[in-house]
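The values are calculated or read from the model by the stated rules, or taken from the named source; none is laboratory data. These numbers were taken from a predicted model, which means no experiment stands behind them. Cβ atoms come from the backbone with ideal geometry, glycine included; neighbour counts cover every protein chain shown. Heavy atoms of the whole protein, side chains included, go into the accessibility calculation; ligands, DNA and RNA do not. Shrake-Rupley method; radii C 1.70, N 1.55, O 1.52, S 1.80 Å.
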There are 2 protein chains.
Amino acid sequence: MALKARVLYDFHSENPGEISVRENELVTVFSEEELEGWLEGKNSRGRLASSPRPTWRSSGTTSPPTRPITTRPITTASPRPNPLAIPHFCGGSFHTSQGSDDDWDDDWDDTLPATQQAKSTATVGRNLNRFSTFVKSGGEAFLLGEANALVRDGDMMCVVMGKHGPEWQEDPYPFTCTIDDPTKQTKFKGMKSYMSYGLTPSHTNVQVNRRYKHFDWLYARLVERFPVISVPHLPEKQATGRFEEDFISKRRKGLMWWMNHMTSHPVLARCDSWKLGKRKAERDELVGANFFLTINPPDVPLDLQDVESKVEGFKTFTKRMDENIIVVNTTINEFGRKQMIGFKKEYQKVGQSFKVLAQAFEMDQQAYSVGLNKAIAYTGEAYETIGEYFADQPRHDLDPISDLLDIYKGHLANYPDIIDVQKGALTKVKDCPQQESDLHERCNIISCATLAEIQHFHRTRVRDFRLQMQHHLQQQISFFQKITAKLEDALHRYDEQ
Amino acid sequence: MALKARVLYDFHSENPGEISVRENELVTVFSEEELEGWLEGKNSRGRLASSPRPTWRSSGTTSPPTRPITTRPITTASPRPNPLAIPHFCGGSFHTSQGSDDDWDDDWDDTLPATQQAKSTATVGRNLNRFSTFVKSGGEAFLLGEANALVRDGDMMCVVMGKHGPEWQEDPYPFTCTIDDPTKQTKFKGMKSYMSYGLTPSHTNVQVNRRYKHFDWLYARLVERFPVISVPHLPEKQATGRFEEDFISKRRKGLMWWMNHMTSHPVLARCDSWKLGKRKAERDELVGANFFLTINPPDVPLDLQDVESKVEGFKTFTKRMDENIIVVNTTINEFGRKQMIGFKKEYQKVGQSFKVLAQAFEMDQQAYSVGLNKAIAYTGEAYETIGEYFADQPRHDLDPISDLLDIYKGHLANYPDIIDVQKGALTKVKDCPQQESDLHERCNIISCATLAEIQHFHRTRVRDFRLQMQHHLQQQISFFQKITAKLEDALHRYDEQ
């Protein structure tokens, strides 16, 4: 059934099959049923295409056909579904340009390393100047009412009160990404080489190509934009051996981990930076202080004393976790190294010694001896194979834990700054008289965002570590079962013929 | 049903319940059915008791009631069943004396170390003088017809022609021994301490106590007595720590291995030295050269050229096996050490690091976190336990191989001498005219005994290594299954409650 709808705000088409619509424009929607966050319909110029759902609202409903754009949201507008956030980074193309703003690849000066670029484009980087994080992040400016930007409905991020305290409203369209097919590409007639990774989001299942520097750009944008959200660090850079198989495989996995941390975060996954073209994103106003304008807190303000104690508790927690995951990471890396070198060598030496025993026994070729000789030689081979199993195992069950610990190490490094913003706001409010209700309201917003982020951290941590420990144990079980099967195979060789 | 029987040769009772009988004496047997090699009956003096079966023969049979004692056997008399050989060492008592000859314990001068004793009582030791083994062993004396002793029927050892060449006639009453309950004993009012081992032969299942020096005495007697039979070395001596648990346990196992090599050898298991009292045994005439008098070769003499090539092949084999089992022994001992120290440490370090991770996580006691914290802590414990499994494992599956290799190392050290006796005889015969048929006949006896012993070595080796490798693999399989079960247990802790 076709419906008439009025467009809530501008949308500029960025890919074939999308149509551009203007605020207040009347459009025809073919069905209210969404297809992965998009609606099909046509506009006044008769163009038939799809457009993201919240861009228009059915004119048949009682809600007003348009909403005013405010600097401070006052309603709990439902967040834009995920797909809005994705098209550009995950679903659009960085290479097939549709206009100058969109031609990401040409925007890059390939002579500059990607990080430097990212930093030069980030207007508010962390740890870049001598001011406190509270000041740098824009937390202070927001608290003092100095933030000022246009905030559209779709930019709003809701904090809701859950069973365990404030939490980000869940992303109704969760998705994941796989990163595969790392391929070496060349440009400037082969003068420059780079690695391109195939990124496939679960909701479209269409692969797009991305380079490390694109991830790097996105990282810098997200850090700049979100003062109290932990954006995990990208897998580390490496100056040499960029095209070596091991490094590429490790980077691929690292990027996948990173992407999935991004896509599973209710705020980050919906960030415009994913959607906007490069230059537009860099002109985005909702960064730093202005980010707090997009936070929609629960109705009842938090008890600031309670917030303070929770944040303090989390600070202690992160410090301890940071120290302890260093221990775990060092230990399992060393354990992996031991398995790959020491354990393998030991099993292979035993295998070789059994083969040597078989060789001596083979000098007696009497009928009743032959079966045993072969069985012992086979046992030797089995031990050599078990040595290989040991050497191969760490990448299946220790490396993933190590990767996870690396991600969390990055998170933990972000939290002192996040906590500083919260503490800065709290200190400021304590100094101010109760009647400054705006200040208290704004402090509540910062507190809600911080506690929601802490809650998200814990939930993600519990989910990630549970999954990873399960994976580790399952892999270990398969590993020891594989060894057992090999030994059973060897044992049967001793059955009398 | 009672039967009349005529005694074949003297038997002197050595334990309560046995009766002494004289050659040709008529006795009454209550039943032809043996009870573990013994028959029940009474003698002319009306004494009611049991006596070993072959001592008498039923007078109701057609076989002659007595057999002449000759210096050279001419018949293939069936060997005496095993039990005859056992009573004294395995089934009688070394401690409860019935007469001066039998009071083994008092015969020993406890101020002298047992080895020295054994050597001083051995009239023909190996490697003790500058003469060739051929001379020392008595091989030369026998070959030259200088051997001279009374040989009774029951002393005869048959060599039969089997599928793979000459072999010892199989022991019709095979038995094994377990050695348990090492206990510290004292004598001279506590002035002297020694370890006593409980020896239980499978055919009587009655435990007797023996000391290391008794085994040592037996070893020396057997070495002296059998020129071409490999008597395995006793487990090594140790000057200090004789009462330490590890040493006692190792010695106990070593003595058991040794005993079972003795009892599974068709000639050694039947040796009189097991039966005779200590002084009688030391007066035994059938040692060295005279041993060959007891060999009953197959009807058709061997081809000496063939013998020469077989013995040469065996010489090469033993050299290679000797070299290679050193490699195996070194490797598996090192592997065991690594498992007990290195592997254990690695698993325990990983276990501890998981526990440390759980400790950090326990600082977040939110409901959704608790299950994970406990599961990770349990995983840590599981890894520590697996470390213990690794440390405990070598004694189950590597030590037994090492023990076996030690036994065979001892065997291999015996063979150069055995081969020398055979080569000495062969060289002597080559120098002699064909018409010296006695010389050829005697060389054939030495050759038959040597090849039978080589055959026995190979058969025992194949049996022992098959069993031990099977045991090793079975233990390894159980070990890895135990680890798998532990990991599965840990995995289940992650199931969401």
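Chain A holds its axis-closest Cβ, relative to the rotation onto B, at the residue and whole-Å distance A:Phe480, 2. Packing order of peptides A:303-309, A:257-263, highest average first: A:257-263, A:303-309 (average count of other Cβ atoms within 10 Å over each peptide's residues).
Projected label points at A:Asp392 and A:Leu144, each 7 Å from Cα along the beta carbon direction, are separated by 6.3 nanometres.
Counting only other chains, what is the mean number of Cβ atoms within 10 angstrom of the Cβ of each residue in peptide A:368-376?
4
Over the Cα atoms of the range A:419-496, each weighted equally, I'd like the Debye log10 I(q)/I(0) at q = 0.16, 0.17, 0.18, 0.24 Å⁻¹, rounded to two decimals. Reported log10 I(q)/I(0), two decimals: -0.75, -0.78, -0.82, -1.02. Peptide B:453-461 is shielded by partner chain Cβ atoms: per residue, an average of 2 of them sit within 10 Å of its Cβ. Using the Cβ of B:Glu362 as centre and a radius below 12 Å, the other residues enclosed give a net charge of +2, where K and R count +1 and D and E count -1.
Add +1 for every Lys or Arg and -1 for every Asp or Glu among the other residues with Cβ under 10 Å from the Cβ of B:Tyr415, and state the total. Numbers along the way, then the final one.
Numbers: positive: B:Lys315, B:Lys319; negative: B:Asp322, B:Asp417, B:Asp420, B:Glu453.
Once positives and negatives cancel, what remains is -2.
Average accessible surface for the range B:366-440: 37 Å² per residue, computed with a 1.4 Å probe over protein heavy atoms with every protein chain in place.
Here, P(r) means the percent of Cα pairs in each 5 Å bin from 0 to the largest distance; for the range A:273-398 it is 2, 9, 9, 8, 7, 7, 7, 8, 7, 6, 5, 5, 5, 4, 4, 3, 2, 1, 0. Here, the range B:313-468 has an Rg and a Dmax of 28.9, 103 Å when only alpha carbons are counted. Residue pairs exceeding 30 angstrom between C-alpha atoms, taken from A:Lys315/B:Lys355; B:Lys253/B:Lys319; A:Lys486/B:Lys310: A:Lys486/B:Lys310. Interface burial in the range A:334-351 reaches 50 Å² or more for A:Phe335, A:Phe343, A:Glu346, A:Tyr347, A:Val350, comparing the full protein assembly with the chain by itself; accessible area from heavy atoms with a 1.4 Å probe. Given the C-alpha centroids of the range B:450-492 and the range B:391-409, what is the distance between them in whole angstrom? What the calculation gives is 10 Å, centre to centre. Considering only Cα atoms, the convex hull volume of the range B:284-349 works out to 181 Å³ per residue. A:Ser202 exposes around 60 Å² of accessible area when a 1.4 Å probe is run over every protein chain in place. Compute the Cα gyration tensor for the range A:148-251, then decide on rounded, prolate or oblate, letting a ≥ b ≥ c be the square roots of its eigenvalues: rounded whenever a/c is under 1.5, prolate when a/b is larger than b/c in the other cases, and oblate in all that remain. Prolate is the answer for the range A:148-251, as a/c is 1.5 or above and a/b outweighs b/c. Counting Lys and Arg as +1 and Asp and Glu as -1, what is the net charge of the other residues whose Cβ lies under 13 Å from the Cβ of B:Phe390? For residues surrounding B:Phe390, the net value is +3.
Burial annotation for the range A:303-328: residues with an accessible-area loss of at least 40 Å² between the isolated chain and the complete set of protein chains, computed on heavy atoms with a 1.4 Å probe, are A:Phe317, A:Arg320, A:Asn324, A:Val328. Here A:Lys374 yields copy-to-copy label distances, from shortest upward, of 5.4 nm, the label point defined as 7 Å from Cα along Cα to C-beta.
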